[in-house]
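Chemist: Have a look at this one before I ask anything.
The values are calculated or read from the model by the stated rules, or taken from the named source; none is laboratory data. From a predicted model like this one, the values you see are computed outputs, not experimental measurements. Here the Cβ positions follow ideal geometry from the backbone for every residue, glycine too, while neighbour counts run over all protein chains shown.
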Amino acid sequence: MAFDIIKSIAEELVGMGLNLPIYRENQRGGFKEPSFFISKITGHIQPNLFGIQWRDNHYEVVYFPNADGANADMDAMEDFLSDNFTQLQEFAKIRDLNFERSDSTLVATFKVKFRAVPVDQGTKQQSLDFEGGLKHD
């Protein structure tokens, strides 16, 4: 697929004013705090006619809070994401946004559902010769 959804999620977080490091790969030295880690969990494809597909992709955004006041930081981030993280601009809505806490991190899981249409690379009609006119009463 030509559209990078993880990149779009990262751009959305930055666009909301969250100027924190955003990772999509594990880091050997660990993650800087505060920061985000984005990953795809699962994907489901439902085929339709003419090669069109409905795709349900599930993602998670893990927030690593400041070590000092981690619970308050996670509370504030959960409220902020609940209010502002609702759509990937000009692509799809964020659906089924859920939050849970695990190992001193805030884990947001959600679904991005969209319709994928294959790109038609075939030859397009170049011209149309029309002979005829309008019927007069």
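Chemist: Looking only at the range 61-76, filter to residues that are surrounded by 20 or more Cβ atoms within 10 Å (Cβ to Cβ) and not hydroxyl-bearing (Ser, Thr, Tyr); which one of those is farthest from Phe36 (Cα to Cα)? Show your work before the answer.
Modeler: Going residue by residue through the range 61-76, those that are surrounded by 20 or more Cβ atoms within 10 Å (Cβ to Cβ) are 61, 63-65, 74.
Cutting the leftovers down to not hydroxyl-bearing (Ser, Thr, Tyr) gives us 61, 64-65, 74.
Values: Val61: 6, Phe64: 6, Pro65: 9, Met74: 12 Å.
Ranking the candidates gives Met74 first.
Chemist: Residues of the range 109-137 being outside any strand (DSSP E or B) and of a type in the set (S, T, N, Q), which ones?
Modeler: Across the range 109-137, the qualifying residues are Gln121, Thr123, Gln125, Gln126, Ser127.
Chemist: Inspect the range 84-91 for any residue being assigned to a helix (DSSP H, G or I) and aliphatic (A, V, I, L, M) and give the result as yes or no.
Modeler: no
Chemist: Okay, next question. Would you pick out the residues in the range 87-98 that are farther than 12 Å from Leu13 by Cα and surrounded by 17 or more Cβ atoms within 10 Å (Cβ to Cβ)?
Modeler: Ala92, Ile94
Chemist: Follow-up question, since we're still on this one. Would the range 115-136 turn up any residue that is hydroxyl-bearing (Ser, Thr, Tyr) and more than 21 Å from Ile5 (Cα to Cα)?
Modeler: Scanning the range 115-136 turns up at least one residue that is hydroxyl-bearing (Ser, Thr, Tyr) and more than 21 Å from Ile5 (Cα to Cα).
Chemist: Given the criterion in a strand (DSSP E or B), modelled with pLDDT of 90 or more and over 16 Å from Ile5 (Cβ atoms), identify the matching residue among Leu97, Leu106, Leu81. Full working, then the answer.
Modeler: Numbers: Leu97 fails: over 16 Å from Ile5 (Cβ atoms); Leu81 fails: in a strand (DSSP E or B).
From the options Leu97, Leu106, Leu81, the qualifying one is Leu106.
Chemist: Please pick out the residue among Asn66, Asn84 that is closer than 26 Å to Glu11 by Cα and either among the acidic types (Asp, Glu) or more than 24 Å from the chain's Cα centre (by Cα) (or both). If you could, list the steps in order and put the result at the bottom.
Modeler: On the way: Asn84 fails: either among the acidic types (Asp, Glu) or more than 24 Å from the chain's Cα centre (by Cα) (or both).
After ruling out the rest, the residue left standing is Asn66.
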